[in-house]
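Each reported figure results from applying straightforward, stated rules to the coordinates on display, with no laboratory input. All values derive from a computational prediction rather than experimental measurement. We place every Cβ from the backbone using ideal geometry, glycine too, and count neighbours over all the protein chains shown.
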Amino acid sequence: RIAGIYGADLSEPTKALEWSVRACELDPADTGAREELERLARSANALPQIVDLFESMVGVAEPELRQELLRQAARIAFSDLKESHPERAVTLYQQLLDAEPNREDAVVALSALESLHTDAGRFEALVSVLRRQGDLVPDDDQSGAATTLHLKIASIQADLMGDTESAIATYLEVLESD
């Protein structure tokens, strides 16, 4: 409430941001307070500091809140900081995956990591992410998603990594699974 007064009524965005940080520190589980803090930080160009704050809260949070904080910090890092701090987004999404996320969070994290590793030319890490995406494909997959992922992996191994031996092994996996 105090942050809102400073921000809207008194037109003091810096004070509003300070009070919003305090509110989040007092109750990190308050989703509305975190969203308001993100909004204020975005307008004050203070998103890296907010990612730092959320990341610091992760260490003391209960598992469910930890997931929420990691999800929000990773999303901000990916959408707003990936040009200047791509490793930040990689680290946060990796932490989210390491924290045994639900399927939806895992899909989002792996998709973001695929994009980040592709952009950075980290092909071994990309292959690892694609294999992990394959683990999420249901066993009764009728769409051919697993085959498509394996073909993509083999192509990366052959064309971008120059690892023909691994590419052949991956192509053989595709043939054996069909």
- Taking the Cα centre of the stretch 88-132 as origin, sum charge times position over the Cβ atoms of Lys and Arg (+1) and Asp and Glu (-1), and report the length of that vector in debye to the nearest 20. 100
- Projecting the Cα atoms of LEU151, TYR171, MET161 onto the charge dipole of the chain, where Lys and Arg contribute +1 and Asp and Glu -1 at Cβ, the residue farthest towards the positive end is MET161
- From the coordinates shown, semi-axes √(5λ) of the Cα gyration tensor in Å corresponds to which of (1) 41, 17, 11; (2) 60, 12, 11; (3) 72, 17, 10: (1)
- Message: Please list, in order along the stretch 29-43, the HN-Hα scalar couplings obtained from phi with the Karplus expression 6.51 cos²θ - 1.76 cosθ + 1.60 (θ = phi - 60°), rounded to whole Hz, x for Gly and Pro.
- Response: 6, 6, 4, x, 5, 5, 5, 5, 4, 4, 4, 5, 5, 4, 6
- Kindly rank 39-45, 89-95 from highest to lowest mean number of other beta carbons found within 10 Å of each residue. 89-95, 39-45
- Once you have a ≥ b ≥ c as the square roots of the Cα gyration tensor eigenvalues for the stretch 22-98, tell me rounded if a/c is under 1.5, and otherwise prolate or oblate according to whether a/b is larger than b/c. oblate
- Task: For an R0 of 30 angstrom, estimate the FRET efficiency from the Cβ-Cβ distance between LYS15 and SER56 and round to the nearest 0.05.
- Result: 0.90
- Each residue of the stretch 76-88 in turn: what ³J(HN,Hα) in whole Hz from Karplus with 6.51, -1.76, 1.60 and θ = phi - 60°, glycine and Pro shown as x? 5, 4, 6, 7, 10, 10, 5, 5, 8, 9, x, 5, 4
- Task: May I ask you to evaluate 6.51 cos²θ - 1.76 cosθ + 1.60, the Karplus curve with θ = phi - 60°, for each residue of the stretch 95-103 and list the ³J(HN,Hα) values in order in whole Hz, giving x for glycine and proline?
- Result: 4, 4, 5, 5, 8, 6, x, 6, 4
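Determine the relative contact order of the stretch 47-165: mean sequence separation of Cα pairs under 8 Å and six or more apart, normalised by residue count, in whole percent.
Values: 104 pairs, mean separation 18.3, N = 119.
Reported relative contact order: 15 percent.
Can you tell me the relative contact order of the stretch 122-178? Whole percent, Cα pairs under 8 Å, sequence separation 6 or more. Present the calculation step by step, with values, prior to reporting the outcome.
Details: 44 pairs, mean separation 18.4, N = 57.
For the stretch 122-178, the relative contact order is 32 percent.
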